[in-house]
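Where a number appears in this text, it was derived from the coordinates with a stated rule and is not lab data. What you are looking at is a predicted structure, and each value in this text was computed from that prediction instead of being measured. Ideal geometry is used to build each Cβ from the backbone, glycine not excepted, and the neighbour counts take in all protein chains shown.
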Amino acid sequence: MVFSKRLRDGIRRGRITCSIRIWTGPHVKAGGRYRMDEGHIVVDSIAAIRLSDITHDLARESGFSGVSDLLETAKHGAGENVYLIRFRYLPPGAWDVPRPSGEDRSRDGAASASRTSAGSRSDLLRRIRQSTPPGASAKMRRAATTRPSRRRRD
């Protein structure tokens with residue numbers, strides 16, 4: 001996502017956390033990370049809205065003085081679909097760590113959760129490597145569970 005220079009300071013400071021875009025189709029996705037200056041923008045959500053849903057308060061939250069100011073910047077090109085994008089800024093070197101829900105975890109709990117997560121990832125990768133597509137022949141299923149032979153190419 002590209003932001004005008006006048007908005008970037010407010011984004012870096014966390015005062016601007018949403019943007020209205022008028023596109024032909026969505027150009028970002030929820031969970032996506034996009035470079036801005038030295039840091040990144042992480043998209044929390046994207047929702048299709050109507051032009052009439054843009055209020056003065058939403059324009060101010062997006063860093064503009066009003067709806068007309070916002071629309072001058074948002075409307076550029078052939079797009080007619082209006083999107084409300086909520087995001088957060090990650091400064092340089094910051095990690096995008098999901099916020100704990102509910103109570104804060106203790107150090108031991110966080111480390112344990114990290115080990116569990118890593119274990120489940122490796123288990124998932126192992127299962128993917130050993131899987132075969134539906135309707136695969138017996139030969140393909142055997143090949144998925146054995147090591148591939150090394151063939152020489154001449």
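For segment 20-37, just list the computed ³J(HN,Hα) in residue order, Karplus coefficients 6.51, -1.76 and 1.60, θ = phi - 60°, integers in Hz, with x standing in for Gly and Pro.
9, 10, 10, 10, 6, x, x, 9, 10, 9, 4, x, x, 10, 10, 5, 9, 6
Rounded, prolate or oblate for segment 5-90? Axes are the square roots of the Cα gyration tensor eigenvalues, ordered a ≥ b ≥ c, and the cut-off for rounded is a/c under 1.5. Intermediate values should be presented prior to the final figure.
Values: a/c = 1.72, a/b = 1.23, b/c = 1.39.
Note, shape of segment 5-90 comes out oblate.
How many nm separate the modelled label positions at residue 6 and residue 88, each set 7 Å beyond the Cα in the direction of the Cβ?
2.8
Between residue 16 and residues 5 or more places away or on another chain, which pairs have amide H atoms under 5 Å apart, with H built 1.01 Å from N, and which residues are they?
11
In what order do 72, 61 fall by count of nearby beta-carbon atoms within 10 Å, going from fewest to most? Mind showing how you got there, number by number?
Numbers: 72 10, 61 18.
If I rank by nearby Cβ atoms, fewest first, I get 72, 61.
Using the beta-carbon distance between residue 53 and residue 15 and R0 = 30 Å, what value does 1/(1 + (r/R0)^6) give for FRET efficiency, to the nearest 0.05? Please list the in-between numbers first.
Values: r = 22 Å, r/R0 = 0.72.
According to the calculation, E is roughly 0.90.
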